[in-house]
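Working notes, beginning with the structure itself.
What follows is calculated from the coordinates using simple rules that are stated; it is not laboratory data. As the structure is a computational prediction, the values presented were derived from the model and not from experiment. So basically every Cβ, Gly included, is an ideal-geometry build from the backbone, and we count neighbours across all protein chains shown.
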């Protein structure tokens, strides 16, 4: 056990050894926090940016559908007939519901959903920028929380990134480094 590479050098306690390890990043607390915050912040920036772009695309296509420039998606009549046969006449309402909900994402409802997704994506982008800058802890936390909500098109990726960001943001040493 004399040559254990994992034990502290002779004469150094655990806390002294760990303080020496901080010299690799200059010993600056804000640099340690920045190094911890950067990966989830960049991930949230990408997720928020994609959400903004996809929501903007959806809002424009919904508006064009409402004006009549773009036609909605149509279900093939042969597919409708196959569904009728599969569900039977007593379940005709299921086929009608599928037919009616085909254009649900377009029109006024689609426009509203996409505008909400656009706003939420903007909050995620703004919060992740504040996280990278270490400027506003409240906005950074808000961006991480909004990324976890199932609104917009990137919520499956936003959930783990938001949790990761929150774990780091709620650390007391990181919180103190925000200006």
Original post:
Among the residues of the range 121-143, is any under 30 Å from residue 76 (Cα atoms) and either surrounded by 22 or more Cβ atoms within 10 Å (Cβ to Cβ) or free of Cβ contacts under 8 Å to residues at least 24 places away in the same chain (or both)?
Top reply: no
**OP:** Being crowded, with 17+ Cβ neighbours inside 10 Å and touching a residue at least 40 places away in the same chain (Cβ under 8 Å) is the filter; apply it to the range 144-163 and report the residue that is nearest to residue 39 (Cα to Cα).
**Re:** 161
Original post:
How many residues does the range 61-84 hold that are in a helix (DSSP H, G or I) and exposed (fewer than 10 other Cβ atoms within 10 Å of the Cβ)?
Top reply: 3
Original post:
Given the conditions (1) within 17 Å of residue 42 (Cα to Cα); (2) under 9 Å from the mean Cα position of the chain (by Cα), which single one is not true for residue 152?
Top reply: (1)
